[in-house]
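See structure below.
The values are calculated or read from the model by the stated rules, or taken from the named source; none is laboratory data. All values reported here derive from a predicted model rather than from experimental measurement. Note that each Cβ is placed from the backbone with ideal geometry, even for glycine, and that neighbours are counted across all protein chains shown. What goes into the accessible areas is simple: the full protein's heavy atoms, side chains included, and nothing from ligands, DNA or RNA. Shrake-Rupley method; radii C 1.70, N 1.55, O 1.52, S 1.80 Å.
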Amino acid sequence: MTPRVREILSWYGADNPGVLTNLARMMNHGKLAGTGKLVILPVDQGFEHGPARSFAINPDGYDPSYHFQLAIESGCNAYAAPLGALEACAREFAGEIPLLLKINNSDTLYGNKAPISALTSHIDDALRLGCAGIGFTIYPGSAERKHMYEEIAMASAEAKKAGLAVVIWSYARGEQISKEGETGIDVIAYAAHIATQLGAHIVKVKPPTSFIEQDAARKVYQAQGIKVDTLADRTRHVVQSCFNGKRIVIFSGGEAKGTEEILKEVKDLATGGAFGSIMGRNAFQRPKKEAIQLLHGVMEAFAGKAL
């Protein structure tokens, strides 16, 4: 156990040894083991966006085993996916990488102005599959947020009792939030803070832009001189918003983009104190060799190595 991992675990004093062990499992696995940094491969896009949109560009991705292999061979800290994908291969790859069961999901076959995901699996499934934790998406700003907050409150309590870590995907969206505002710095910081207040051990948000959505927030940002000009500045503010940096905050890879752009963004996130990345389609939509090279570059950036 490195001093850094031990320090991070000390922030979770209300948790039982099972939870701390599973957090340590993730932080002590892969190329970033012991650094306190995390790079996680999430593959819930087939459920969320459809198989063709997710996997046709790299047909190997239709097979769940491909994603297990990619996460393992690249040295990721963990692999996250919905129930079906984990059930398909959890036995074959048992013990080779920490797993996160994404217990709620949505699809694009029905449009809803008030987004909400459905519960698609349960804590017992995560235990049966040997997972280190669960993943759950909330949409702060949705008219359905009450139900999501209540669902994760119940699921989180059950997961923690069973010794599982809780990872919350916090994506603000809804009728009263503009499209630009979904990634505005005030909204991202707020969404991250909500996830911490809901008991997340690990918070996942999108990289923030310098846009400020809320008039009331804009006044405070200006009056207090909160720096938002660079991605590193904005990242620092989001991490600060999560109990002054005493919660693990990781950032999504977002829309598909070029390697150079990804690595530049990751370097800025790392400079701002991000704890890592959770990168899906930007990795698995590439051929495996290229995807591994990209993930290694991301890991090196978080390890503080020159790219």
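Structural remarks
- Among the residues examined, residue 2 qualifies as of a type in the set (Ser, Thr, Tyr) and open to solvent by less than 50 Å² (accessible area, probe 1.4 Å).
- Total residues in the stretch 51-82, condition outside any helix (DSSP H, G or I) and either open to solvent by 20 Å² or more (accessible area, probe 1.4 Å) or at pLDDT below 95 (or both): 3
- The criterion of being without any contact (Cβ under 8 Å) to a residue 40 or more places away in the chain and aromatic (Phe, Trp, Tyr) holds for residue 62.
- Filtering the stretch 21-46 to residues that are in a helix (DSSP H, G or I), surrounded by fewer than 19 Cβ atoms within 10 Å (Cβ to Cβ) and touching a strand residue (DSSP E or B) at 6+ places or on another chain (Cβ under 9 Å) leaves only 25.
- Residues in the stretch 87-120 that are of a type in the set (S, T, N, Q) and surrounded by fewer than 17 Cβ atoms within 10 Å (Cβ to Cβ) were compared, and the one that is farthest from residue 66 (Cα to Cα) is 112.
- Within the stretch 238-251, the set of residues being open to solvent by less than 20 Å² (accessible area, probe 1.4 Å) and within 19 Å of residue 172 (Cβ to Cβ) comprises 238, 239, 242, 249, 250, 251.
- So residue 189, is it in contact with an Asp or Glu (Cβ under 7 Å, 6 or more places away or on another chain) and within 24 Å of residue 42 (Cα to Cα): no
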